[in-house]
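The values are calculated or read from the model by the stated rules, or taken from the named source; none is laboratory data. Since the structure is predicted, the reported quantities are computational estimates derived from the model, not experimental observations. When we count neighbours, we look across all protein chains shown, and the Cβ atoms used for this are built from the backbone with ideal geometry, even at glycine.
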Amino acid sequence: MSYLFHSIVSHHDLPVVLLAVLLCIVSALSTFAQVQRSFECVVERRPVWLTSAAITAGGGVWSTHFISMIAYRSPVALQFDQLLTALSATIAMGAFGIAFWLLRRARRMVSVLLCGAIATLGIVGMHFTGMAALANSMVHDVDHGPIVAAVLVGGLLLSAAFASFLHRDGRWRILVPALCMVLATGIIHFVAMASVMIGHDTAPVAATGGEAQWLLLWIVGAALLLIALTAVASVVDRFMTDLRGLADATSEGLLITSDDRILDANEQACALLGVDRAALVGTATAAWFETPARDALQTHRGGATRARIRDSLVEDQLVEMTARAIEYRGRAATVIALRDLTETARAQRAIEHLASHDPLTGLVNRAAFDIALHEAVRSATPFALIAVDLDRFKAVNDLFGHGAGDAILVRVARILDDCVRAQDLVARVGGDEFVVLQRDIASPDDVRRLAGHILARFAEEMDSARDPMAVGCSLGVVTCPRDGDDPETLRHNADVALYRAKQDGRGTASFFDEMMDRQARDRRSLEHDLRHAVCRGELRLVYQPLVSTDDDHVVGYEALLRWDHPERGQVPPTLFIPVAEEAGTIMAIGEWALRQACRDASSWPEPLTLAVNVSPVQLRVATLPMLVRDALADSGLVPERLELEITETALLRDREVSLAILREIRTLGVRIAMDDFGTGYSSLSNLRHFPFDKIKIDKSFVSAMHEDEAARSIVRAIAGLGKGLNLPVVAEGVENEVQRSMVQAEGCALAQGYLFGRPAAGPAQCPLPPVQARRA
């Protein structure tokens with residue numbers, strides 16, 4: 001170390017050496033700052049920064065070497081070969097370039113040592129190539145030992161520099177590697193200089209010629225300029241990259257324009273427009289947007305406007321544009337912010353669609369249809385409203401499940417949608433309720449054709465004979481303005497017409513008329529009065545005797561309901577009972593009738609029985625057995641004297657539920673009779689599944705016996721069936737002696753009809769049957 005210190009002090013101009021060291025420090029700091037920049041920047045810019053770092057490192061080492069050479073006090077004036085001098089700089093730059101390139105891929109310590117070795121060889125190669133560039137001096141007495149040691153130490157220092165760079169953070173990531181690089185450069189250079197002898201062995205003199213001074217100034221100036229430029233470039237690039245990254249990090253697209261030309265754009269803008277930045281810069285702004293959007297942008301600068309991108313690959317692409325005036329690169333410009341509204345618009349459309357459409361069928365829902373109906377009324381153009389209700393849908397839905405029911409509704413929606421024109425509207429307004437708005441009708445024939453087309457398509461695609469899941473439809477049709485000129489009236493009248501279609505046998509289309517409206521109003525009035533009939537005491541029971549055909553003795557009575565209306569007079573049961581069943585008031589009326597009949601019958605002579613009719617609606621209510629039990633308990637009537645009559649149609653709907661309720665009632669001791677036998681469906685099946693106590697032949701067969709052999713055969717067959725099942729058979733509607741004799745001859749054990757007495761308040765008021773009267 002002493003001879004090294006002696007060599008530096010004795011053979012060098014110390015101020016110039018200090019200048020070389022300072023230049024080496026600055027270049028080392030700049031070098032690792034640029035290497036760090038190459039690690040941070042995007043992939044495309046890494047080669048630029050690695051090359052810049054290699055030039056700075058090689059140039060710094062080369063400048064340090066030659067400034068130190070100028071500081072050397074040689075016995076002869078030093079002159080340099082220009083080609084070798086340039087080659088020495090190239091060697092250093094190339095070696096550092098390779099080392100930095102490998103450093104980016106270094107994962108293990110061996111790779112780091114390799115990088116240090118390559119950089120060291122670059123410094124050594126540069127040094128001795130520079131020594132070889134001495135044109136007029138002679139190098140002799142080379143001591144190789146110290147040089148080898150210096151090279152090894154320099155290699156370790158450079159390896160340490162690279163390792164420290166990879167594993168440190170913050171400022172130490174640059175300071176420590178730079179210090180190691182300066183030490184490595186200085187040790188290799190000055191140890192090598194101390195280990196050789198240049199020129200003659202004479203007293204050293206300073207090389208202070210003008211050429212050396214100019215060379216020194218040129219090297220220092222060039223090195224400082226290079227370092228300054230790279231440092232400024234690094235700072236500017238970091239600043240610009242940060243700005244670019246900030247711009248690219250925004251969720252909005254940004255276009256910088258001037259004179260309707262695009263000067264720059266961020267990544268989001270390029271993505272929205274579907275091109276890269278190179279293809280975008282320099283093009284006209286107007287070329288990328290539709291004309292209305294461009295005009296709106298110029299008119300409302302500073303505000304937001306919506307636009308569609310021209311020739312976009314994205315369907316229905318919508319952006320929001322906002323323009324602001326800025327200064328860009330020293331000149332006035334405009335920044336246009338683009339916000340992609342495509343997904344927002346799609347979501348909004350989806351929400352609006354859900355708000356106005358039925359999610360199952362995709363048809364317009366009730367709310368949207370109401371708006372369309374109001375608009376149609378305001379338009380004052382003739383149109384038709386067709387109310388569509390599905391027949392048998394509830395039965396199919398209950399039998400096959402809700403999934404099958406949903407599939408049927410979707411199928412119905414498709415049928416209706418296929419039947420109408422593009423300007424017409426189909427909506428689902430309820431569970432199985434649909435409505436069709438037929439716009440711009442020229443005549444009522446247009447509506448009839450559409451209604452007929454709908455019924456025909458249903459008959460074609462919904463064949464219940466082949467498909468158990470098939471349903472039918474009933475149509476109620478009104479036209480505007482003939483049948484109403486406001487939405488409420490039209491809806492009401494369409495419902496009235498639909499009700500008539502269902503009454504006419506279903507599967508038909510009914511066109512509204514004024515008579516329907518009067519009937520509907522009368523029906524609603526009747527329904528209203530019926531709700532209060534029980535409370536007002538307007539209902540009463542009468543009893544019709546049931547006699548034995550063998551001796552004409554009365555064996556019991558059937559309770560029949562009568563309604564004495566204060567204004568209408570006596571309302572027939574055939575009129576008000578169906579209304580009560582549809583309105584739901586039959587439950588309250590049926591309960592009153594059962595309790596009152598049990599109370600009345602409890603005062604009759606012990607053998608007489610009581611028959612009470614049960615509505616199909618009552619039979620589907622699980623509390624019916626409890627009602628029967630309470631009525632018997634409250635009245636004290638013996639259960640064996642009570643007989644409940646049901647019709648076959650009562651078992652068509654919810655058959656298993658109804659049979660279960662009947663079985664529970666039968667456990668109370670109450671008897672069950674099949675009323676109107678032969679007029680319903682699956683009669684024999686019902687007799688097989690439930691042990692009825694009595695069969696009653698419908699009066700329509702009895703009244704036709706004397707003139708219709710078929711009717712007499714039916715009576716004979718039913719009587720024979722009752723005998724075979726050991727069930728009493730009652731013939732209803734016997735009104736004369738001929739009918740009485742015939743039903744007795746056919747084997748009917750019991751009979752009922754006007755021949756044996758008209759309905760009265762009770763046994764005491766009932767007249768005696770004719771035979772009994774004669775005997776009396």
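Can you tell me which condition G362 does not meet? The list is (1) modelled with pLDDT under 70; (2) within 30 Å of R414 (Cα to Cα), and all the others hold.
Every listed condition holds for G362 apart from (1).
Do we find a residue being touching a helix residue (DSSP H, G or I) at 6+ places or on another chain (Cβ under 6 Å), hydroxyl-bearing (S, T, Y) and either in the same structural domain as V396 (by the TED database) or in a helix (DSSP H, G or I) (or both) anywhere in segment 461-476?
Checked segment 461-476: at least one residue is touching a helix residue (DSSP H, G or I) at 6+ places or on another chain (Cβ under 6 Å), hydroxyl-bearing (S, T, Y) and either in the same structural domain as V396 (by the TED database) or in a helix (DSSP H, G or I) (or both).
Would you check if E591 is under 27 Å from A660 (Cα atoms), of a type in the set (D, E), in contact (Cβ under 8 Å) with a residue 24 or more places away in the chain and out of contact with any strand residue (DSSP E or B) (no Cβ under 6 Å at 6 or more places or on another chain)?
Yes.
Does segment 672-689 include one or more residues that are under 28 Å from H553 (Cα atoms), assigned by the TED database to the domain that holds M626 and surrounded by fewer than 14 Cβ atoms within 10 Å (Cβ to Cβ)?
The answer is no; no qualifying residue exists.
For segment 603-694, which fully contained strands (runs of 3 or more DSSP E) count at least 1 residues that are modelled with pLDDT under 90 and touching a Gly at 6+ places or on another chain (Cβ under 8 Å)?
By residue number, 642-647.
Filter segment 78-91 for residues that are in contact with a helix residue (DSSP H, G or I) (Cβ under 9 Å, 6 or more places away or on another chain) and either assigned to a helix (DSSP H, G or I) or exposed (fewer than 15 other Cβ atoms within 10 Å of the Cβ) (or both); which is modelled with the lowest pLDDT?
Of everything passing the filter in segment 78-91, T85 is modelled with the lowest pLDDT.
For D445, are the conditions met, namely being more than 21 Å from G405 (Cβ to Cβ) and free of Cβ contacts under 8 Å to residues at least 60 places away in the same chain? Give the derivation first.
Values: more than 21 Å from G405 (Cβ to Cβ): yes; free of Cβ contacts under 8 Å to residues at least 60 places away in the same chain: yes.
Yes.
Restricting to segment 139-182, name every residue that is of a type in the set (K, R) and either touching a Lys or Arg at 6+ places or on another chain (Cβ under 7 Å) or in a helix (DSSP H, G or I) (or both).
Across segment 139-182, the qualifying residue is only R173.
Please count how many residues of segment 175-197 are under 60 Å from the mean Cα position of the chain (by Cα) and within 18 Å of G59 (Cβ to Cβ).
2
Can you confirm whether segment 92-107 contains a residue that is modelled with pLDDT under 85, assigned to a helix (DSSP H, G or I) and either buried (at least 21 other Cβ atoms within 10 Å of the Cβ) or not assigned by the TED database to the domain that holds L157 (or both)?
Scanning segment 92-107 turns up no residue that is modelled with pLDDT under 85, assigned to a helix (DSSP H, G or I) and either buried (at least 21 other Cβ atoms within 10 Å of the Cβ) or not assigned by the TED database to the domain that holds L157 (or both).
Acidic (D, E) and more than 25 Å from V743 (Cβ to Cβ): does that describe E707?
no
Being exposed (fewer than 15 other Cβ atoms within 10 Å of the Cβ), charged (D, E, K, R) and under 21 Å from V555 (Cα atoms) narrows it down to one of E582, E606, so name that one.
E606
Would you check if D486 is touching a residue at least 12 places away in the same chain (Cβ under 8 Å), over 36 Å from the mean Cα position of the chain (by Cα) and either assigned by the TED database to the domain that holds N365 or under 29 Å from G403 (Cβ atoms) (or both)?
Yes, satisfied.
Hey, can you tell me all the residues within segment 428-464 that are over 24 Å from D513 (Cα atoms) and small (G, A, S)?
Filtering segment 428-464 down to residues over 24 Å from D513 (Cα atoms) leaves 428, 430-432, 457-464.
Hits for segment 428-464 are G430, G431, A459, S464.
Taking the criterion of being crowded, with 23+ Cβ neighbours inside 10 Å, modelled with pLDDT of 90 or more, under 13 Å from L546 (Cβ atoms) and not hydroxyl-bearing (S, T, Y), would at least one residue in segment 718-730 satisfy it?
Yes: one or more hits.
Please work out if R620 is surrounded by 15 or more Cβ atoms within 10 Å (Cβ to Cβ) and of a type in the set (K, R).
Judged against the criteria, R620 is not a match.
Applying the selection to segment 456-483, what residues are touching a Gly at 6+ places or on another chain (Cβ under 7 Å) and farther than 25 Å from H402 by Cβ?
Listed by number, the list holds a single entry, V478.
Would it be correct to say that D600 is assigned to a loop (DSSP other than H, G, I, E, B) and touching a residue at least 60 places away in the same chain (Cβ under 8 Å)?
Taking the combined requirement at face value, the residue does not satisfy it.
Looking at segment 535-561 only, could you name the residues that are surrounded by fewer than 16 Cβ atoms within 10 Å (Cβ to Cβ) and either under 58 Å from the mean Cα position of the chain (by Cα) or more than 16 Å from P728 (Cβ to Cβ) (or both)?
The answer is C535, R536, G537, R540.
Select from segment 291-326 the residues that are modelled with pLDDT of 65 or more, under 19 Å from R261 (Cβ atoms) and not in a strand (DSSP E or B) and list them in ascending order.
Within segment 291-326, R310 is the sole residue that qualifies.
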